[in-house]
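Derivation of every value follows stated rules applied to the coordinates shown; laboratory data play no part. What you are looking at is a predicted structure, and each value in this text was computed from that prediction instead of being measured. Please note: Cβ atoms are built from the backbone with ideal geometry, for glycine as well, and neighbour counts cover all protein chains shown.
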Amino acid sequence: MIKHAAMKRTTKVTAKGKWRQLLPAMILVVSISAFDSAWVKAQSAQSVQSSNQTNALAISHTYQPENKPDNAWSVLSSPALGPSEPIGSYANGCMQGASVLPETGTGYQSMRRHRNRYYGQPELIRFVEQAGVFMDAKHEQRLLIGDLSQVRGGPMNYGHSSHQTGLDVDIWLQSVFPDEPAHPNRDMRSIVDKAAGTVIAGGLTPAMRDALYFSATYDRVERIFVNPVIKLALCQQETDTRWLQKLRPWWGHDSHFHVRLACPAHVASCESQAPIPAGDGCDDDLVNWVNEQSDIVTGKIKPSPKPTRKKAPKQLPTACETLLTN
Ligand SMILES: [Zn+2]
């Protein structure tokens, strides 16, 4: 049980209700997706109001397995012609006019290129490049860049529910020094002891703290998903916590963080999300996230049967269907 001096728990944790609400994401093991299942919505309505949970998208970020059958989007090899444009929502959309993230650049290394997910909107590529320049200048280290989007975005055959419009990128929570091999196909390493509810010793390096800071204070970044333990650690160590507002707690995200850019203002086809609530989010609800994660991994909370009601299949925007075949 984590207790935070500055975050007294003023409400009783309704672990059972919250757990029921969040279990599907735990079972799916985690990535960000727009969790629009009717079941989750119904559970949300019944459970304690939680600013984090009602506003966070469900996130499912498993990086394995990779041996899933291709889908119509994962086999594409060329960008859709036309001006760059995100179409639809982060978890149900596609993109026109993708740019390519180079395999390496100043201060960054693109990882796992065989997954073919190194495409994004030009402004996302710019963000990664600028984050790399920052990392090189301040720490002389390289960021390790995970998945962006497929060449035309769209649903992936494994690993993510979002990352569909070229506005999402995963950044590993570890960096490498110039003389250190990046091993671009290696596994990610968690920096969180979920049972204890703490970051492992030396896990959140100054370079990674600064990478999060750079991302959160980058104007075009709308939100960042991190494990609640990581956010709590930052709440405790930072003197000015205002920049933590954009950090949203979600399951997984203990070996990477997920950066999401806002929809470009001029693109009507891009579906925005609800804005993040005011405040730094260093509150009781965050502590509850940490405690609940601990309770689940230690078996204190028992799993219940998965919901039986099936989600209606998502219907991609018509513009995406057109883009898929042209
Ligand atoms: Zn992600």
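Okay, which of region 82-118 sit inside 18 Å, backbone N to the point 7 Å along the Cα-Cβ direction of Ala182? Under 18 Å, as judged by backbone N against the label point of Ala182, lie 99-118 of region 82-118.
From a point 7 Å beyond the Cα of Glu123 in the direction of its Cβ, which residues of region 131-174 have a backbone N at a distance under 15 Å? Counting only backbone N, you get 165-169.
Take the Cβ atoms of Ala278 and Asp219, set R0 to 25 Å, and the FRET efficiency comes out at 0.90. Each Lys or Arg adds one and each Asp or Glu subtracts one; over the other residues with Cβ under 9 Å from the Cβ of Glu66, this totals +3. In this structure the amide hydrogen of Arg248, modeled in the peptide plane, comes within under 5 Å of the amide hydrogens of Ile224, Phe225, Val226, none closer than 5 places in sequence on its chain.
Based on Cα atoms of region 201-326, Rg over Rh with Rh as the Kirkwood radius reads 1.05. Extending 7 Å from the Cα toward the beta-carbon at both Asn157 and Ala195 defines two label points whose distance is 3.7 nm. Projected label points at Lys300 and Thr322, each 7 Å from Cα along the beta carbon direction, are separated by 5.4 nanometres.
Taking a ≥ b ≥ c as the square roots of the eigenvalues of the alpha-carbon gyration tensor, region 99-167 is classed prolate because a/c is 1.5 or more and a/b outweighs b/c. Annotation: amide H of His256 within the under-5 Å range of Leu173, sequence separation 5 or more or interchain, hydrogens built in the peptide plane.
Sort largest first and round to whole Å: the equivalent ellipsoid semi-axes of region 164-233, each the square root of five times a Cα gyration tensor eigenvalue.
With the √(5λ) rule applied to region 164-233, the semi-axes are 20, 18, 13 Å.
Residue separation of Ala268 and Glu238 scaled by 0.36 nm, minus their Cα-Cα distance, works out to 7.1 nm of gained length. Taking label points 7 Å from Cα along the Cα-to-Cβ direction, Lys138 and Arg209 give a separation of 1.1 nm. Listed peptides 165-174, 263-272, 95-104 appear in the order 165-174, 95-104, 263-272 once ranked by packing, highest mean of other Cβ atoms within 10 Å at the front.
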